[in-house]
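Peer 1: Mind looking over this structure? Questions follow.
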Amino acid sequence: MSDVLTQAIDLVVYGMGTVVIFLTVLVGATMLMSYCLQTFFTAERPEVTLRPSAAPSEGLTDPKILAALSAAVKKYREDHN
């Protein structure tokens, strides 16, 4: 019985060792590819300038639209409380 148990332990160690080695190589290859891409293929980023937002449009201040929005919000709050 101990011979079978020894073989089982050997198989487990061999299998887990193979997985650990494979994952280590995979992580190393991923880090190497990331380094190569960052080193050789860096693109210059365009500068972004922020502008103040435009004034609200006239359509949003229409009393009928505001009344409809208020009613919809009120109905939603009543249904979800």
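Peer 1: How many residues, within region 25-64, are hydrophobic (A, V, I, L, M, F, W, C) and modelled with pLDDT under 85? Walk me through it before giving the result.
Peer 2: The first filter runs over region 25-64 and keeps only residues hydrophobic (A, V, I, L, M, F, W, C), leaving 25-27, 29, 31-33, 36-37, 40-41, 43, 48, 50, 54-55, 60.
Next, only the ones that are modelled with pLDDT under 85 stay: 41, 43, 48, 50, 54-55, 60.
Counting residues in region 25-64 that are hydrophobic (A, V, I, L, M, F, W, C) and modelled with pLDDT under 85 gives 7.
Peer 1: Please list, ordered by first then second residue, the pairs with beta carbon atoms under 6 Å, 6 or more apart or interchain, first in region 1-13 and among the polar types (S, T, N, Q), second surrounded by 10 or more Cβ atoms within 10 Å (Cβ to Cβ) and at pLDDT 95 or above.
Peer 2: Close Cβ pairs (under 6 Å, with a partner that is surrounded by 10 or more Cβ atoms within 10 Å (Cβ to Cβ) and at pLDDT 95 or above) do not exist here.
The values are calculated or read from the model by the stated rules, or taken from the named source; none is laboratory data. From a predicted model like this one, the values you see are computed outputs, not experimental measurements. Note that we place each Cβ from the backbone using ideal geometry, even for glycine, and neighbour counts take in every protein chain shown.
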